[in-house]
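Written below as structure tokens is the structure these notes are about.
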Amino acid sequence: MRTPFIAANWKMFKTVHDAVVFAKEFRAVVKEATGVEIVLAPPFTALHGVAEAVRNSPVAVAGQDMHWEREGAFTGEISAGMLKEAGAEFVIIGHSERRRLFNETDATVNRKAVAALGAELTPIVCIGETLEERERSETLAVLDRQIKAGLDGLTGDQVASLVIAYEPVWAIGTGRNATPQQAGEAHAHIRSRLRQWFGAAAADQCHVIYGGSVKPDNIHELIVLPDVDGALVGGASLDVRAFAEIVARSRQSAV
Ligand code: PEP
């Protein structure tokens, strides 16, 4: 059985001070949390401070993006090695905001995933359809394209170690989460494609988490679905109590 995996995506919120205050308070609240993987993805500036604040606790840290090159003349970018040095163990790749606002493509997602794995960072690869794509009944085809191109060339072992976040774009930051039926169908499809393209072990071990308006009051109905292994949480992760509650309910639902 896969351990529930709950990640906070803080996007462009929280100063270093606010992020470290959150991390210290949150760490105290979840200090006994076993049987769950917890990750905080602060802005780059706060990564090191948050990593220090959660050191030797059940909480790990992620970058929100990265460049695929190790170093070079890429103003404004940050490499996997730099994230790792700052204390990250994970990195979010291909979030829909980066795809939509910063021209991220399946090809760049793939280059980043390969580079992250090469630097021993675990990628949290985001996939998901827009509202228009869902209304045109293209959801499963979009997921197929994003999985195939985004994970192109990865081995079964590498896919086994990954986290895939299914985030329907229409559910992110809108307060409108996917119904258990919609999420269940997408997650089962993703799992079956992983099995088909990367093998049974990869499909069984890869964490496939849901993202899109997850809150304390809807986490249970999602996490009990057989192919939903956790959540990527935006808005509700900015509040210590709300995020800790999501973690607690995920653990309860998993036992
Ligand atoms: C996200 O940013 O990945 C996300 C799921 O945001 P929210 O929880 O606010 O919908």
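The values are calculated or read from the model by the stated rules, or taken from the named source; none is laboratory data. Bear in mind that the values here come from a model prediction, so they are computed numbers and not experimental data. As a convention, Cβ positions derive from the backbone with ideal geometry for all residues, glycine included, and neighbour counts pool all protein chains shown. Note: accessible area is taken over every heavy atom of the protein model, side chains too, but ligands, DNA and RNA are not part of it. Shrake-Rupley method; radii C 1.70, N 1.55, O 1.52, S 1.80 Å.
Note on R111 and E89: the model spin-label points, each 7 Å out from Cα along the C-beta direction, lie 2.9 nm apart. Per 0.36 nm of contour for each residue apart, how much would the distance between S57 and F13 grow if the chain were fully extended, relative to their Cα-Cα spacing? Gain on stretching S57 to F13: 13.5 nm. Under a 5 Å amide H cut-off, with hydrogens placed 1.01 Å from N, E104 pairs with R99 among residues at least 5 apart or on other chains.
By the gyration tensor of its Cα atoms, with a ≥ b ≥ c the square roots of the eigenvalues, what is the shape of the chain: rounded for a/c under 1.5, prolate for a/b over b/c, or oblate? Walk me through the numbers on the way to the answer.
On the way: a/c = 1.43, a/b = 1.10, b/c = 1.30.
Cα axes put the chain in the rounded bin.
Summing charges over neighbours of Q196, with a neighbour being any other residue whose Cβ is under 15 Å away from its Cβ, gives +1 when K and R count +1 and D and E count -1. Compute the distance from the alpha-carbon center of the stretch 154-183 to that of the stretch 201-255, in whole Å. Taking the Cα centre of the stretch 201-255 as reference, the centre of the stretch 154-183 is 11 Å away. Between the C-alpha center of the stretch 83-150 and that of the stretch 22-66 there is a gap of 22 Å. On the accessible surface of the chain, probed at 1.4 Å, how many percent belong to carbon and sulfur atoms? Ligands and nucleic acids excluded, carbon and sulfur reach 52 percent.
Whole number in Å², please: accessible area per residue of the stretch 5-254, 1.4 Å probe, ligands, DNA and RNA not counted. Before the final figure, lay out the partial values.
Details: 10960 Å² over 250 residues.
Roughly 44 Å² per residue, with all protein chains present.
Please turn the phi angles of the stretch 132-143 into ³J(HN,Hα) values with the Karplus equation 6.51 cos²θ - 1.76 cosθ + 1.60 (θ = phi - 60°), one per residue in order, whole Hz, x for glycine and proline. For the stretch 132-143, the Karplus-derived couplings read 4, 5, 5, 5, 8, 6, 9, 3, 5, 5, 5, 4 Hz, x marking Gly and Pro. Once the Cβ-Cβ distance of E25 and R136 is raised to the sixth power relative to R0 = 45 Å, the FRET efficiency obtained is 0.50.
Based on the mean of other Cβ atoms within 10 Å per residue, sort peptides 70-81, 31-42 so the most packed one is first. It would help to have the intermediate numbers written out before the result.
Details: 70-81: 12.6, 31-42: 19.2.
Result, highest mean first: 31-42, 70-81.
Applying a threshold of 26 Å to the alpha-carbon distances of K148/K215; K14/K148; K31/K112; K112/K215; K24/K84; K24/K112 flags K148/K215; K14/K148; K31/K112; K112/K215; K24/K112 as lying beyond it. Annotation: amide H of V125 within the under-5 Å range of I93, V163, I164, A165, sequence separation 5 or more or interchain, hydrogens built in the peptide plane. Each residue of the stretch 218-224 is assigned a 3J(HN,Hα), and the resulting list reads 10, 4, 4, 5, 8, 6, 6 Hz, derived from the Karplus form 6.51 cos²θ - 1.76 cosθ + 1.60 (θ = phi - 60°), x at Gly and Pro.
Quick one: putting +1 on the C-beta of Lys and Arg, -1 on the C-beta of Asp and Glu, what dipole do you get for the stretch 43-123 around its Cα centre, in Debye to the nearest 20?
Working: 8 positive and 11 negative charges, 29 e Å.
Computed about the Cα centre, the dipole is about 140 debye.
A crude spin-label estimate for the pair T3 and D144, with each label 7 Å from Cα along the Cβ direction, gives 3.5 nm.
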